[in-house]
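The values are calculated or read from the model by the stated rules, or taken from the named source; none is laboratory data. Please read all numbers here as calculations on a predicted model, not as lab measurements. Using ideal geometry, Cβ is built from the backbone for each residue, glycine included, and neighbour counts are taken over all protein chains shown.
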Amino acid sequence: MRTRSRVGAAIAIGGLGIALLVFEPGPAAAANNGQLTFVAGVPVAQVRQIALEVNPPPAPEDPTTPAPAPPALSGLLDVYSGTTLIADDVRAGTVTTVRLPTGNRTINVYADGQVPGTSRALLTKSGVQVTTTVVQTMAVGLNRGGRALRAEVFRNQFPIAPGAGNAWLVVRNIASTAAVDVRVGGQVAFRGLQNAQQAVITRQPGAAAIRVMGGSGRNTTLARNDNFTVRGGRVNILYIWGSEAADNVRLTTQLADIG
């Protein structure tokens, strides 16, 4: 955990693991603030493993001395814009929105307990645009092999869904998996979705059980949500995250406005 300056509030929204972090600059600067949403999709075990590979503990100078025990890491993530902390102790499966001054940003992701200047970032994403008109999501998950973090930046703005009463349903795969199928309400709605891909359909609002199917023949349930509801008039986004090899694939939901 790090001490964050100039933060007004961190507000949990609706019990969905969503937080809004509000920075409090002066009135003139506030007019030039935009939003960036951050989705954390790396399980605790993988954060710890990758952090120790990226920042291994130093070897003792005396080869006869036993190597020190690796540092205890929480498995949470800290997110920086450059070297400024913008999101602290971010848990896997959560959605966090931060307000930042507009412009091109370099976003650095560290394991909690590792800091700029003394540690290497687990991930650096350059050229992330923060604007007052478009809310983008930076989704941080695992690469296909599961041995490194990977970030994809998605635009969340969609027009009104075609068809009377329809809503958008978006699935984004940020998990370390082979291609997966996604069943919605018992039917395959998304087929062959690869790591770092997204797919979009329109669907009538209402309850719809979700199954993420993988494995040989894609007949193994990797993750499920039996209580998912497609909300009308919104962009309904599902993130597949985690690791198929580690048997910890999960789902996280994000809602975005249409327009």
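Exactly one of these conditions fails for residue 192: (1) among the small types (Gly, Ala, Ser); (2) closer than 30 Å to residue 52 by Cβ; (3) outside any loop (DSSP other than H, G, I, E, B). Give me its number. Among (1) among the small types (Gly, Ala, Ser); (2) closer than 30 Å to residue 52 by Cβ; (3) outside any loop (DSSP other than H, G, I, E, B), residue 192 violates only (2). Number of residues in region 117-151 that are within 20 Å of residue 49 (Cα to Cα), part of a loop (DSSP other than H, G, I, E, B) and out of contact with any helix residue (DSSP H, G or I) (no Cβ under 6 Å at 6 or more places or on another chain) equals 8.
Out of all the residues in region 51-68, is one or more closer than 22 Å to residue 117 by Cβ and of a type in the set (Ser, Thr, Tyr)? Taking every residue of region 51-68 in turn, none turns out to be closer than 22 Å to residue 117 by Cβ and of a type in the set (Ser, Thr, Tyr).
Pairs linking a residue in region 118-138 that is assigned by TED's automatic domain parsing to the domain that holds residue 56 to a residue that is among the charged types (D, E, K, R) and in a strand (DSSP E or B), with Cβ atoms under 6 Å and 6 or more positions apart or on different chains, are 128/105; 130/105; 136/155.
Taking the condition among the charged types (D, E, K, R) and modelled with pLDDT of 95 or more, does residue 183 pass?
Numbers: among the charged types (D, E, K, R): yes; modelled with pLDDT of 95 or more: yes.
Yes.
Applying the criterion of being among the hydrophobic types (A, V, I, L, M, F, W, C) and not in a loop (DSSP other than H, G, I, E, B) to the residues of region 195-214, the residue that is farthest from the chain's Cα centre (by Cα) is 207. Of the residues making up region 210-249, those that are of a type in the set (D, E, K, R), in contact with a Leu (Cβ under 9 Å, 6 or more places away or on another chain) and either touching a residue at least 12 places away in the same chain (Cβ under 8 Å) or within 26 Å of residue 158 (Cβ to Cβ) (or both) are 211, 224, 231, 234, 244. Against the numbered list (1) surrounded by 14 or more Cβ atoms within 10 Å (Cβ to Cβ); (2) not in a loop (DSSP other than H, G, I, E, B); (3) not charged (D, E, K, R), residue 114 comes up short only at (2).
Within region 145-160, the presence of at least one residue that is at pLDDT 95 or above, closer than 17 Å to residue 195 by Cβ and of a type in the set (Asp, Glu) is confirmed.
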